[in-house]
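To keep things clear, I will list the structure first and then write my remarks on it.
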Amino acid sequence: MDLRVENLPLPLDRSLYQEAIDTYLELSHRYIEALYLFGNVRYPGLSDLDLLVVPKDSYLAPLHLSLRDLLPRRFDPILEHDVFVVPLSHLDACRYRLSSPFSLVYGRDVLAGITVDTSVATRVCDALEATNNMLGYVEQLRRMGVLNARSCTRVFNSQRYKEGLLM
């Protein structure tokens, strides 16, 4: 597979992640019931920012929560994806988040009563889904002919968490 490599990761100051969260909250707090951080920032510049947002119970609130629409371009190196938006009525879905715990950043802790499902069936389903997603990702790379090094490193590195679920 011939791929052109682009976007090599560069080290960043760890404070950029907190600055991104602070800026995001400053611009969107009136639409947020709760904001959680998950994942980790073990390798600043390579690690991305993982946020879960529980919007206020308002029909239009989710329309005002996109990280990419709100944050300046200087935060792009830490944004692999947008925030994950989960309404209050669907919080039970968070019980299937197995890789890392949620850490409350803002608002009331609406996930306090949610127990993580660590059953064998859930772990196997999670690993199978990750494998299927990875195959699709590799096929997309093949079609595009471009390997975004920062993104690929993040995506491929995430597979080690899925492998750990099966142990």
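To the nearest Å, what is the center-to-center distance of the stretch 94-148 and the stretch 1-72, using C-alpha atoms only? With the stretch 94-148 and the stretch 1-72 each reduced to a Cα centre, they are spaced 16 Å. One decimal place: the segment L128-L147 gains 4.5 nm when fully extended, by the rule 0.36 nm per residue minus the C-alpha distance. Each of D22, D57 was scored by other Cβ atoms within 10 Å of its Cβ. Listed from fewest to most, they are D57, D22.
Between N40 and L3, the modelled label-to-label distance comes to 2.5 nm, taking each label 7 Å out from Cα in the direction of the beta carbon. The Stokes-Einstein estimate for the stretch 1-143, based on a Kirkwood radius over Cα pairs and taken at 4 °C with 1.567 mPa s viscosity, is a diffusion coefficient of 76 µm²/s. Once the chain from T118 to S15 is taken as fully extended at 0.36 nm per residue, the excess over their C-alpha distance is 33.8 nm. Between Y137 and V110, the contour length at 0.36 nm per residue exceeds the alpha carbon distance by 6.4 nm. Sparse packing (at most 16 other Cβ atoms within 10 Å of the Cβ) combined with a DSSP loop state is found for the following trypsin sites (Lys or Arg not before Pro) in the stretch 31-110: R42, R108.
Sorted ascending by nearby beta carbons within 10 Å, beginning with the fewest, C152, C125 become C125, C152. Among L70, L111, L60, the residue with the largest mean-square fluctuation in a Gaussian network model of the chain, with springs joining Cα atoms closer than 10 Å, is L60. For the stretch 1-95, chymotrypsin sites (Phe, Trp or Tyr not before Pro) meeting the loop criterion (DSSP other than H, G, I, E, B) and having at most 13 other Cβ atoms within 10 Å: Y59.
Dividing the summed -39500 (n - 2.57) terms of all DSSP H runs of n ≥ 4 by the residue count of the chain sets its mean residue ellipticity at 222 nm at -12000 deg cm²/dmol. 3J(HN,Hα) along the stretch 13-22: 6, 4, 5, 4, 5, 5, 4, 5, 5, 4 Hz, from the Karplus curve 6.51 cos²θ - 1.76 cosθ + 1.60 with θ = phi - 60°, whole Hz, x for Gly and Pro.
In the stretch 55-138, the alpha-carbon atoms span a convex hull of 141 Å³ per residue.
Any read-out appearing in this document is the output of simple, stated calculations on the displayed coordinates, not a laboratory observation. Keep in mind the model is a prediction, meaning the values are calculated, not measured. Virtual Cβ from ideal backbone geometry, glycine too; neighbours counted across all protein chains shown.
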